[in-house]
2 protein chains.
Amino acid sequence: MTDAKPTTTTASAGGVESVDRALSIVGCFQAGDHALSLTEIAARTGLYKSTILRLTVSLEKAGYLVRHQDKSYRLGPELMRLGGLYQRSLRLEDHVRPVLRQLMRETGESASFFRREGAWRICAFREDSTQAIRDHVHEGDRLPLDRGAAGHVLTRFAGQGSAADFAALPLLSFGERESETGAAAVPVFSQRDGLIGALTLSGPLTRFTGERVAVMAPLLLAAGSRLSETLGGHYPDQPSPCA
Amino acid sequence: MTDAKPTTTTASAGGVESVDRALSIVGCFQAGDHALSLTEIAARTGLYKSTILRLTVSLEKAGYLVRHQDKSYRLGPELMRLGGLYQRSLRLEDHVRPVLRQLMRETGESASFFRREGAWRICAFREDSTQAIRDHVHEGDRLPLDRGAAGHVLTRFAGQGSAADFAALPLLSFGERESETGAAAVPVFSQRDGLIGALTLSGPLTRFTGERVAVMAPLLLAAGSRLSETLGGHYPDQPSPCA
DNA sequence: AAACACGGTTCTATCTAACAGAACTTTTGC
DNA sequence: GCAAAAGTTCTGTTAGATAGAACCGTGTTT
């Protein structure tokens, strides 16, 4: 074994060890990586090169990795195709995307929709602000659930939320995850699934002053309420049209 | 073995069989699938349920699948994160996206950037037309290389292209891949890699008349040339600024 | 020109991980 | 309530996967 240890283990968790290893190869790619050498992958995963060579043949066949002539490995296009399948399997884009676009137009800040997945929140949809200074989150990014306005919404409204919870909306954060980023978020409900996500505005702290938040808040609340209604859910004091 | 046979085989191709199997589980999800049952996955992959149950534990741990309380499986968020990593690893978005947006604004049709990956072409970036009637391709989609204007560009200009090839631009297609879709495409070059992709306009045949194509052609050619220059490549008769 | 370092590739003895598929349990539909 | 279908558990067998040494090719240094 080379000096780094694989982070995955099947000892107590079930699963198939060689699948774990293969996916750890894919998972060792990071933002900013253009390509990785065999040696670099070995260093990052702790797997023997001979093991990697065999595992990567399967990954290449499936389109998860591409090997180039200089022997380097790059992530492959099948990941993007599957990522799009995942995003569309949520069946939310037609509802969420227009609302994000409008919020971005109205407020000038980046508008995102986060979903909870286990102990994380996933940026499922995003419309970046057109301003040069903005926070950088990408669709697909996985962020911690215990930090940021969206994380607080996804935690606090998991059980539908009380009147006091709603009265506190939008939930705000100042530099919790990224020291210079502010955010405001509200919940989104559907009829079938209850809380399905958090609608969020985010940007640099300098643009999240009290005055600016006072302007954004009613727009965000209205958008969250309207989107919930579109999906068959509703905020309190606004009965569902189906009720 | 259940009645369907797995499509992947390692008999002559190398690789690790259980990794092939695991990835065939992920790969059996199709557009329109919201969730799949264990039985449905077994039918699509030809794997025993007991085998699937073990393989999916690894896939769930890695975030590629999510198992819900009703026992169904859905694609997981890690795919979207990795898909985004792949897209950004191309290091093209900052150059390509603005050009696609402008082309879409100027022409009203969907603008895409396709890359070749083996025997396929991948839609790496896309700006959908805002018109209600438009063709439906998504970023990440994999399309055949031997059909469509973009496919012809990626084939014909692989070796830089001759003067006659450039004179024929933009390459056109009418209902080759989708019977009601028209497309026009030009190549994009970079200094380091030569042909890196095809810039494409596409839409319903009814909007790809001779007159309409005559309007689009110079806009598309200018965009392809400009984008190539931005990336250090160039079209003939337009020497590289670095030369 | 020779030696060395590094990255990538091949090979194989060993062992255990993975599978097939039966049996069992739970859920669903009639 | 019962049958069918879906999901889950179990285990004997063996073939597949690994560890890691040996080898090869390329680039650098002396």
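The values are calculated or read from the model by the stated rules, or taken from the named source; none is laboratory data. Worth saying up front: this structure is predicted, and the values here are computed from it rather than measured. Cβ sites come from the backbone with ideal geometry, for glycine too, and all protein chains shown count toward neighbours. Areas reflect the complete protein model, heavy atoms only, side chains present, ligands, DNA and RNA absent. Shrake-Rupley method; radii C 1.70, N 1.55, O 1.52, S 1.80 Å.
Here are the numbers for the structure shown:
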{"read-out": "Listed residues A:E109, B:E117 arranged by accessible area, highest first, probe 1.4 Å", "value": "B:E117, A:E109"}
{"read-out": "Virtual spin-label span in nm between A:H95 and A:A217, 7 Å along Cα→Cβ", "value": "2.7"}
{"read-out": "Using θ = phi - 60° and Karplus 6.51 cos²θ - 1.76 cosθ + 1.60, couplings along segment B:18-34 (whole Hz; Gly, Pro as x)", "value": "6, 5, 4, 5, 4, 6, 5, 5, 4, x, 7, 6, 10, 4, x, 6, 8"}
{"read-out": "Distant-in-sequence amide H partners of B:I196 (H built 1.01 Å from N, under 5 Å)", "value": "B:V188, B:F189, B:S190"}
{"read-out": "Estimated buried accessible area (total), pair A and B, 1.4 Å, Å² to nearest 100", "value": "4400"}
{"read-out": "Å² per residue, accessible surface of the protein assembly as shown at 1.4 Å", "value": "45"}
{"read-out": "Copy-to-copy label separations for B:A214, where each label sits 7 Å from Cα toward Cβ, in nm and ascending", "value": "5.9"}
{"read-out": "Where rotation carries B onto A, the chain B residue whose Cβ is nearest that axis, in whole Å", "value": "B:G83, 1"}
{"read-out": "For segment B:97-114, Karplus couplings with θ = phi - 60° (6.51, -1.76, 1.60), whole Hz, Gly/Pro x", "value": "4, x, 5, 5, 4, 5, 4, 5, 5, 5, 10, x, 9, 5, 10, 9, 10, 9"}
{"read-out": "Amide H contacts under 5 Å for B:L171, placed H, 5+ residues apart", "value": "B:A185"}
{"read-out": "Solvent-accessible surface ranking, highest first, for B:K49, A:K71 at 1.4 angstrom", "value": "A:K71, B:K49"}
{"read-out": "Gyration tensor verdict on segment A:17-81 (Cα atoms; rounded if a/c is under 1.5, prolate if a/b is larger than b/c, oblate otherwise)", "value": "rounded"}
{"read-out": "Total lysine pairs under 30 Å (Cα atoms) in the protein assembly as shown, excluding pairs fewer than 8 apart on one chain", "value": "19"}
{"read-out": "Shielding of B:28-37 by partner chains, average beta-carbon count, 10 Å", "value": "2"}
{"read-out": "Cα-based shape type of segment A:90-230, given that a ≥ b ≥ c are square roots of the gyration tensor eigenvalues and the cut on a/c is 1.5", "value": "rounded"}
{"read-out": "Rg(Cα)/(2.2 N^0.38 Å) for chain B, N = residue count", "value": "1.19"}
{"read-out": "Sorted largest first, extent of the protein assembly as shown alpha carbons per principal axis (Å)", "value": "71, 53, 45"}
{"read-out": "Per-copy distances of the A:I133 label point, shortest first, in nm (7 angstrom along Cα→Cβ)", "value": "4.7"}
{"read-out": "Nearest-first distances (nm) between copies at A:E180, label 7 Å from Cα via Cβ", "value": "5.0"}
{"read-out": "Nonlocal amide H pairs with B:L65, under 5 Å, H built at 1.01 Å", "value": "B:E60, B:G76"}
{"read-out": "Radius 14 Å from Cβ of A:K71, net charge of other residues (Lys, Arg +1; Asp, Glu -1)", "value": "0"}
{"read-out": "Note, ³J(HN,Hα) from phi for segment A:192-201, Karplus 6.51, -1.76, 1.60, rounded to Hz, x at Gly and Pro", "value": "7, 10, x, 5, 10, x, 10, 8, 9, 10"}
{"read-out": "Computed [θ] at 222 nm, deg cm²/dmol, chain B (DSSP H ≥ 4; -39,500 (n - 2.57); rounded to nearest 500)", "value": "-12000 deg cm²/dmol"}
{"read-out": "Peptide B:132-142 - average C-beta neighbours from other chains (10 Å radius)", "value": "3"}
